[in-house]
Each structure stands twice: as C-alpha cells, then as structure tokens.
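The values are calculated or read from the model by the stated rules, or taken from the named source; none is laboratory data. A quick note: this is a predicted structure, and the numbers were derived from the prediction, not measured. Here the Cβ positions follow ideal geometry from the backbone for every residue, glycine too, while neighbour counts run over all protein chains shown.
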C-alpha cells in the first residue's frame, strides 16, 4: 500500500493509517509504535502522535495510559454498537433527504451509483468505499445538524473497516451495497418513507451479520490487562 500525500501532514498520516487498518494491514488489537511508524513513513514523531489522536476520535485507535496506542478491537459488542448507531443516524438523515431532495441531488446520487458500479466491476475496493462515503454525505447535507454530521464522520472509518471484514465472504457484500443504493434511490425518488426505513434497517442488519460471521471467535487478551 503506497503512502500518498493528502491535505495536511497529520491528515495524510491519519488517512494512511486508516486505510491500513481498514484493509487489515494493521490488525485488531495490534500496538502501534510511534517511532517505528514515523521511520516507516519518513515523518516526525509529532505527526504520528497527532494522527493517532485523530484516529482515536474516529474509534480506530485506543490510547491506554502507560501502555501505548492499540488498534481498536473488533468484537461483537463493537460491531453491533456501530451498526445500531449507523441505523439511527442514517434513518434520520435519509428521511430528511427523502422529504426535501432537489433534482440535482438525485442526479448526483445516480452518478455516484454508476461510478460505484464501475468500481465494483473493476475491483477497485478502496475507491468503491470512498464513493460510498461521498454518497452518504449527500444525505448529510440535509441533516442540518452539527452533532449528527460530526458523529457520522467519526463513525464512517469504522464502517469502512467493517466493510473490508465483511468482504471475506466474497464479492456478494459489494453487490449488496449496490443493491441497497439502487433500492434506496428508488424509494427516495418515490418518497416512500416506509420502504426507505425498511431498506436501511435490512441492509445494516445484513452487513452487521456478515461482519460478525468473520470475527475471530477466540478471545483476545486486553492490552490494559497486561
């Protein structure tokens, strides 16, 4: 995985680590050593430290006093909590989009759907998931709520990580995401609130179950208890 600069140096490092975590290059429960990571990326210790603070806010890293920084464990409680929160937020923002969308919103969503379909066919996984984030941000524009927007932005890296985990069950997961987008777009255009809520709940539960099926059943030792 190549390190490609983006935005500020801290955000560059955070995005690079985020992608490594999502793709499983950095494992659940693994410790991150600032010095090693700084040397690997050819950046300062401070840049890595600031990036880890961002990732802690995004629920990808835990800082344990006198222990260090560890990749957040993906366990049953974490996964179920994540999808429960996503359903609550996306149901709310989805309703606002459904009731207030403009033609340019639908055109943008349809264009994103087509681009994601092309990424699916060509196997561009990271680009596929990044477009999914952009798709979600369209509905967030209608949330008009600082706290909801901030929450979903902090939760989305974990959702991206879980999507990678679910892919262990094969390309069906990506197809499920595309199907969800197609069905939700049709419900939004038809202003069918009941159907949109059903779609959001159904696909969230389905992907939650896919992730849970891929988790390591063997319990891990909590770094805090070392």
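The residues of the stretch 105-136 that are farther than 18 Å from residue 186 by Cα, surrounded by 14 or more Cβ atoms within 10 Å (Cβ to Cβ) and more than 12 Å from the chain's Cα centre (by Cα), listed by number, are 119, 120, 124, 125, 127.
Return yes when residue 223 is in contact with a strand residue (DSSP E or B) (Cβ under 8 Å, 6 or more places away or on another chain) and either at pLDDT below 95 or within 22 Å of residue 105 (Cα to Cα) (or both) and no when it is not. Judged against the criteria, residue 223 is a match.
Are any of the residues in the stretch 142-151 more than 19 Å from residue 196 (Cβ to Cβ) and surrounded by 15 or more Cβ atoms within 10 Å (Cβ to Cβ)? For the stretch 142-151, residues more than 19 Å from residue 196 (Cβ to Cβ) and surrounded by 15 or more Cβ atoms within 10 Å (Cβ to Cβ): present.
In the set (1) farther than 21 Å from residue 130 by Cα; (2) touching a strand residue (DSSP E or B) at 6+ places or on another chain (Cβ under 8 Å); (3) assigned to a loop (DSSP other than H, G, I, E, B), the condition left unmet by residue 69 is number (3). Residue 184 fulfils the conditions (1) in a loop (DSSP other than H, G, I, E, B); (2) under 18 Å from residue 204 (Cβ atoms) except for a single criterion, (1). Taken over the stretch 93-104, the criterion of being surrounded by 15 or more Cβ atoms within 10 Å (Cβ to Cβ) and assigned to a helix (DSSP H, G or I) is satisfied by 93, 94, 95, 96, 97, 98. Applying the condition of being in contact (Cβ under 8 Å) with a residue 40 or more places away in the chain and crowded, with 16+ Cβ neighbours inside 10 Å to the stretch 50-60 and asking which residue is farthest from the chain's Cα centre (by Cα) yields 50.
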